[in-house]
Amino acid sequence: MATAHEGDGALGDVIDPELPASTYVLEPEIVAPLVRRVVTSHGAGTHRSELPFTGAPLAAVPLSSPQDVVGATRAARAAQHDWAALPLRERARVLDRLGVLVLERQSEILDLIQMESGKSRRNAFEEVADIAQTCRHFVRRAERYLADRREPGALSVLTGVRVHRRPVGVVGIIAPWNFPLTLALSETVPALLAGNAVVLKPDPQTTLSALWASELLAEAGLPDDLFAVVAGGVDIGAELVDHVDHVAFTGSTETGRKIAARAGERLIGATLELGGKNPLYVAADADLDRAVPGVLRACFTNAGQLCMSSERLVLHERIAERFLERFVPAVRALTLGTGLDYTADVGSLVSADQLERVAGHVDDALAKGARALVGAVHRSDVGPYFYAPTVLDDVPDDAACRHEETFGPVVAVTRVGGDDEAVRVMNDTHFGLHASIWSTDVARARRLAARVETGTVVVNDGYLHAWGSAAAPMGGMKASGLGRRHGREAIEAVTETQSVVAQRGHGLGISVDALYELGGDVPSRVLTGALRAMRRLRMP
Ligand code: NAD
């Protein structure tokens, strides 16, 4: 990683005037081509992002104004018509190429993701793999998901029904900072394949990764204006909701409610992937050799800043002490680090705010009587926002971390006497995003899963197989969201159905018009007979 040096005159509009260029960690040569992709008229100032590993200024990104959002959505709408008119295989060619390019150029984006979010390289790679997987799945399945379908009509052979899927138009995506590449592209890929344009508003801290995604889409052959990035915070996100035809939001439940309310006023669709307080149950018959490393990943991937992260560890009392005897030392052995390489297990929290939230939850629980089995310390020796992976026991019910999402490397232990109690504990939350069950009896785990109120349940894994199954709908019940990403549901969210229904009998003289011309009660008697016959013939 090199320190930035003085920018030349051409870069003047991307350099924060309050800081000399040499202050930034990222070189202007890396930043300039990316920030040129922001839709901005350069009147809204700049955002200074930070390198979470050290707290140093990372880059200055020009912001978009509300008028820029209007311009971006107008240009996207204009471009969308021609894009939707292309044969699907031509749109698919672009997205297929995107999946190839993201693997080829992974070292660039791995650096950027790590520098913007502070995560470890292994966790950054999961984003690269996710996008390659998403592209492959949707490119292969789009034809099936978008295919017209025939349905039975009002009067069987006399009515022909075809249902078509049409793109909604412009999809607005509003993303948080925790998965800068995944959340820029995972809903973009199905939206573009379905014939939509996309305008993305990333979190201000992770805009460069989103801009890199924009560069990659252009290299893959996406025509201009079909994918635009607007930069800014709450006001720009809110403005975007006012101009798009569907909004796909990932973030907190609090913000999700506001976006849903505005989408409701505008009568546009909204898919909302919100917070979670995800339980992970280790049943009495779990294979602890597999469970210990699996639960480590479930709780501490991305330093716990993962919507599917497990924050509640529900242990069957028969294995609880044996599990903890192995789990706690394994947590203590996790390595924290700042390297742009694969040496560290766990990276940094993203910001001072996030550190305050995580430390606040732990301190509150300890003050109310909880015990820390490991962790519970700010690791400022590694970097300003590092927090030690933490396991809490005896967390009282009035502690904030009992019910609120911590979104950090903190998990609280609860012991249960059996599966029924485990289900009750797992469901004791207003969230319903994700759950994990560990048992050697997969059939039993599936039966338990059917009683858990979450959008996904994974058996003998933390989250990877659930997220990585691009065909499996993923999203939240209860306060964890509305709608689903992945699979057929992702395409359905950004398309509208149109039913084209044709009356066929005219040529044969057996149309509804001909029937009604018979007058009196004849049409009713004929139709009564037809309806009875259709029921007897079990017609749908
Ligand atoms: P946040 O809700 O504060 O912000 C998310 C995004 O929304 C940001 O881009 C922000 O600028 C924008 N935004 C904020 N207020 C807005 C408004 N009124 N109108 C339009 N846009 C607005 O969330 P955060 O703190 O940045 O992210 C962490 C949260 O995201 C956690 O609660 C986590 O659970 C959730 N999350 C969920 C998933 C999932 O798939 N379910 C994935 C990742 C993160």
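For this structure, a couple of remarks:
- Taking every C-alpha pair closer than 8 Å and separated by at least 6 residues, the mean separation divided by the residue count of the stretch 131-189 gives a relative contact order of 35 percent.
- The stretch 224-300 shape via C-alpha gyration tensor axes, a/c threshold 1.5: prolate
- Mean Cβ neighbour count within 10 Å, used as a protection proxy, ranking 421-432, 155-166, 194-205 highest first: 194-205, 421-432, 155-166
- Our helix-only sum for the chain, with -39,500 (n - 2.57) per DSSP H run of n ≥ 4 divided by its residues, gives a mean residue ellipticity at 222 nm of -13000 deg cm²/dmol.
- Most to least packed among 332-340, 491-499 [average Cβ atoms within 10 Å]: 491-499, 332-340
- Note on the chain: dipole from Cβ charges, positive end direction compared against Val69, Ala400, Ser511; the farthest Cα belongs to Ser511.
- Rounded FRET efficiency, nearest 0.05, which uses the C-beta distance separating Ala472 from Arg538 and R0 of 41 Å: 0.80
- Considering only alpha-carbon pairs that sit under 8 angstrom and 6 or more positions apart, the relative contact order computed for the chain is 16 percent.
- Cα gyration tensor shape for the chain, rounded if a/c is under 1.5, else prolate or oblate: oblate
- Rounded to the nearest 20, the size of the Cβ-charge dipole of the chain about its Cα centre is 2700 debye, with Lys and Arg at +1 and Asp and Glu at -1.
- With respect to the chain, whose longest principal axis is taken over its alpha-carbon atoms, helix 253-266 is tilted by about 30°.
- Relative to one another, the C-alpha centroids of the stretch 424-488 and the stretch 112-176 are positioned 20 Å apart.
- Going by neighbour counts of Cβ atoms within 10 Å, the residues Leu240, Leu95 line up, fewest first, as Leu95, Leu240.
- Where labels lie 7 Å past Cα in the beta-carbon direction, separation of Val161 and Asp398 in nm: 5.7 nm
- Packing-based exposure ordering (other Cβ within 10 Å, fewest first) of Met539, Met115, Met477: Met539, Met477, Met115
- Net charge of neighbours whose Cβ lies under 10 Å from the Cβ of Arg105, counting Lys and Arg as +1 and Asp and Glu as -1: -4
- Dipole moment magnitude, nearest 20 debye, the stretch 224-380 about Cα centre, only Lys, Arg, Asp, Glu C-beta charged: 720 debye
- Nearest-20 debye value, the stretch 377-467 charge dipole, Cβ charges on Lys, Arg, Asp, Glu: 360 debye
- Prolate/oblate/rounded label for the stretch 198-333 (Cα gyration tensor, a/c 1.5): prolate
- Under the criterion of Cα pairs below 8 Å and six or more residues apart, the relative contact order for the stretch 458-501 equals 25 percent.
Readers should treat all values here as calculations from the given coordinates under stated rules, not as data from a laboratory. This structure is a prediction, so every number in the text was calculated from the model and none was measured. Note: ideal-geometry Cβ built from the backbone for every residue, glycine included; neighbour counts use all protein chains shown.
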